[in-house]
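The values are calculated or read from the model by the stated rules, or taken from the named source; none is laboratory data. Predicted model only: the values in this text are computed from it and were never measured. A quick note on method: Cβ atoms are made from the backbone with ideal geometry, for glycine too, and the neighbour counts reach across all protein chains shown.
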Amino acid sequence: MSPACSGTSEHHFLCSICLEVLTDPVTTPCGHNFCKTCISTHWDTSTTSRCPVCNQVFSTKPQLKVNIMMREMVSQFRRESEKKASCLDCVISYCETHLEPHLTLFCQSDQTRVCLMCSVLEHKSHQLVPLGEDLFEDKKVYLQQMIQKRREKLEVIRESVRFRKEAADRGKAEGQQEAEEREAEGLIKELEEEIFELMKRSSEVEQLSHSEDHLLQDFCSLKAPPATKDWTERLQQFAVDVTLDSLTAHPYLVLSDDEKLVYFSNVKKNLPHNKERFSYCACVLGKQNFSSGRFYFEVQVKGKTKWYLGVAKESINRKGKITLTPKNGYWTVALRDGNVYESYEDHSVILHLKCVPEKVGVFVDYEEGVVSFYDVDAAALIYSFTHCCFTHKLHPFFCPSLSYGGKNSAPLIICPVNQSE
């Protein structure tokens, strides 16, 4: 999908904690941006002041001030997000909700195009009118408006950079100032690429308008970010139904009939030595695999003293000892010794949590290369892997570990995600 409608610039404005567009953005000494409230709350619920993105630990809690230049960029982005945008790659209009190939009505209540199925379901009580026929001319005009808006946005960012260079606080760390300028330069480059792409698509629409062999694609909405700052609402929309794959389960593991629960047994089952099965470590994968998009699931870990959770590549080695690192295809966090939480990058990273998670949420954004773990009940971020490069199918990964004489006999349970009203 083209940069103009795939939201390639949006990730620059997302807070890694709440996954929403930044509100009162602040920049940590290591150069990462967060909502002021989010990072403050995160540090208030942790025993150390650590960057959730790069894990740099600050000996004293930084006194953060709102990043003026970033705030200006975010404000401009929000204004742009309220405008209509066009998906420039589809040739045929379709309804993403009902997969209907023709959007023939316009909902005046929600200001969006809908299909006939929408008219009797979600938009049943709304004001609906037939779509106009002269859409190509509207399309061309709208593309020109998009190009102009992006040019205006370019000028705003360039002006912000000039202003910051002239009036920068000389007490600011030089490295942080340079990081902000590099980020602005990256945004400028992306906007220039978007303008080029829009101009190219505008030419294509002009050609399509003279052809009777194509249907004009529909305008889609660049939806404004939800008003709520509750991360649960954003994650729950990506909830997936995960079940355990018995073909991968270690012989000492016991799975429930509904394949939602797993625990370690001291009795080894006589199972086939198939290639999918873990032979040494007491692990099991989820049946479902994912190679695009976003997905989220929750696991109950209550009563356990040791466990491992996360995602793994389908191509991982399952025979003999395994090392839980991204290099080996694992993105996991763990509890050991009853009170030590850690994540596994190239080396173990000790996590300092104030609350004991009883339910852990796992969120993956495949395209953005993000794997995040949350304490569901406390609504707090546990850890995030960022800048991952996924090229293989990913499976949910579970390890209830040994029972240790009954001390760790509680099961891992895949829980239904409670959808917000």
Checklist entry - Can you find even one residue in region 319-342 that is small (Gly, Ala, Ser), within 24 Å of the chain's Cα centre (by Cα) and within 26 Å of GLU20 (Cα to Cα)? => result no
Item to check | Residue, nearest to the chain's Cα centre (by Cα), within region 259-271, restricted to residues that are farther than 22 Å from ALA312 by Cα and not β-branched (Val, Ile, Thr) | outcome: SER265
Next on the checklist: Here's a check for you: in region 276-318, which residue that is among the charged types (D, E, K, R) and surrounded by fewer than 18 Cβ atoms within 10 Å (Cβ to Cβ) is farthest from the chain's Cα centre (by Cα)?
Outcome noted: GLU276
Next on the checklist: If a residue must be in contact with a strand residue (DSSP E or B) (Cβ under 8 Å, 6 or more places away or on another chain) and either surrounded by fewer than 13 Cβ atoms within 10 Å (Cβ to Cβ) or outside any loop (DSSP other than H, G, I, E, B) (or both), how many such residues does region 242-268 contain?
Outcome noted: 10
Checklist entry - If you check SER384 against the conditions, is it part of a loop (DSSP other than H, G, I, E, B) and under 26 Å from ASN328 (Cα atoms)? => result no
Item to check | Leading residue by the ranking (modelled with the lowest pLDDT) among those in region 51-60 that are out of contact with any helix residue (DSSP H, G or I) (no Cβ under 8 Å at 6 or more places or on another chain) and crowded, with 18+ Cβ neighbours inside 10 Å | outcome: VAL53
Item to check | The one condition in (1) surrounded by fewer than 15 Cβ atoms within 10 Å (Cβ to Cβ); (2) outside any strand (DSSP E or B) that PRO357 fails to fulfil | outcome: (1)
Checklist entry - When you go through (1) at pLDDT 90 or above; (2) more than 25 Å from LYS302 (Cα to Cα); (3) of a type outside the set (Gly, Ala, Ser); (4) surrounded by 14 or more Cβ atoms within 10 Å (Cβ to Cβ) one by one for ASN328, which number turns out not to apply? => result (4)
Checklist entry - Which of the residues belonging to region 33-49 are of a type in the set (S, T, N, Q) and either out of contact with any His (no Cβ under 7 Å at 6 or more places or on another chain) or buried (at least 16 other Cβ atoms within 10 Å of the Cβ) (or both)? => result ASN33, THR37, SER40, THR41, THR45, SER46, SER49
Checklist outcome for this item: Per the filter on region 379-396, residues more than 17 Å from SER16 (Cβ to Cβ) and of a type in the set (A, V, I, L, M, F, W, C) are CYS389, PHE390, LEU394
